[in-house]
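The values are calculated or read from the model by the stated rules, or taken from the named source; none is laboratory data. Please read all numbers here as calculations on a predicted model, not as lab measurements. FYI the Cβ positions are ideal-geometry reconstructions off the backbone, even for glycines, and counts take in every protein chain you see.
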Amino acid sequence: MQRRIRRGRWIGSLAGVLALAAALTAGVAIAEPSSDSAEPAPASAPQVASGALVPGTPCTASARACVDVAVRSTWLIEDGAVVTGPVPMRPGDASDPTPRGTFGVQWKAEQWTSRESWTQMPWSVFFAEGGVAFHQGRMDTPSAGCVKLDEANAKVWFDGLQVGDQVQVH
């Protein structure tokens with residue numbers, strides 16, 4: 001009799017553990033990122049800067065977003081003319097620099113958490129390998145290579161840039 005009770009308790013405990021594991025697994029599936037924050041497939045062909053320089057910026061007319069790391073400014077450009085900016089930004093530092101070059105917007109996420117530093121990155125617009133993005137962030141500390149903007153401007157950049165738009169960083 002004692003043996004049956006123990007076996008019954010063991011089976012009951014095992015069933016409970018399995019039910020808990022199933023519930024946790026379902027919770028993980030539910031917690032996957034939504035489509036607006038899912039990481040993209042590998043980047044397409046590299047972007048090429050073209051056209052005349054846009055007055056007041058170091059970028060050409062093919063850019064939709066322009067960044068000047070040296071002066072810590074960024075602009076939005078449309079049809080070869082500045083539509084927003086210059087806006088203050090905070091780049092990475094010497095140990096984690098913001099990459100220079102011409103890129104295409106890869107993907108966007110209204111709310112994102114960095115997988116490297118667990119830092120919140122609201123209004124993220126990803127444009128370079130390694131998770132480099134325009135996003136809202138503190139302006140008094142360097143980024144990990146991203147282009148940090150204040151909240152209002154991060155939202156403007158998020159709304160103004162679309163996947164495929166060209167970003168030039170000088």
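Restricting segment 137-170 to residues that are in a strand (DSSP E or B) and not basic (Lys, Arg) leaves a set whose member that is farthest from Asp93 (Cα to Cα) is Gln166. If I ask for residues that are of a type outside the set (D, E, K, R), at pLDDT 90 or above and part of a strand (DSSP E or B), which ones from segment 92-119 would you list? Hits for segment 92-119 are Gly92, Gly101, Thr102, Phe103, Gly104, Trp107, Ala109. Restricting attention to segment 50-99, the residues being touching a Phe, Trp or Tyr at 6+ places or on another chain (Cβ under 9 Å) and of a type in the set (Ser, Thr, Tyr) number 3. Among the residues of segment 73-91, those identified as part of a loop (DSSP other than H, G, I, E, B) and more than 19 Å from the chain's Cα centre (by Cα) are Asp79, Gly80. Checking each residue in segment 121-135 for being part of a strand (DSSP E or B) and in contact with a strand residue (DSSP E or B) (Cβ under 6 Å, 6 or more places away or on another chain) picks out Ser124, Val125, Phe126, Phe127, Ala128, Ala133, Phe134, His135.
One line per residue, one yes/no per condition, for (1) within 19 Å of Val105 (Cα to Cα); (2) assigned by TED's automatic domain parsing to the domain that holds Phe158; (3) in contact (Cβ under 8 Å) with a residue 12 or more places away in the chain; (4) in contact with an Asp or Glu (Cβ under 9 Å, 6 or more places away or on another chain):
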| residue | (1), (2), (3), (4) |
| --- | --- |
| Ala49 | yes, no, yes, no |
| Leu53 | no, no, no, no |
| Gly56 | no, no, yes, no |
| Thr60 | yes, no, yes, no |
| Arg72 | no, yes, yes, no |
| Leu76 | yes, yes, yes, no |
| Gly80 | yes, yes, yes, no |
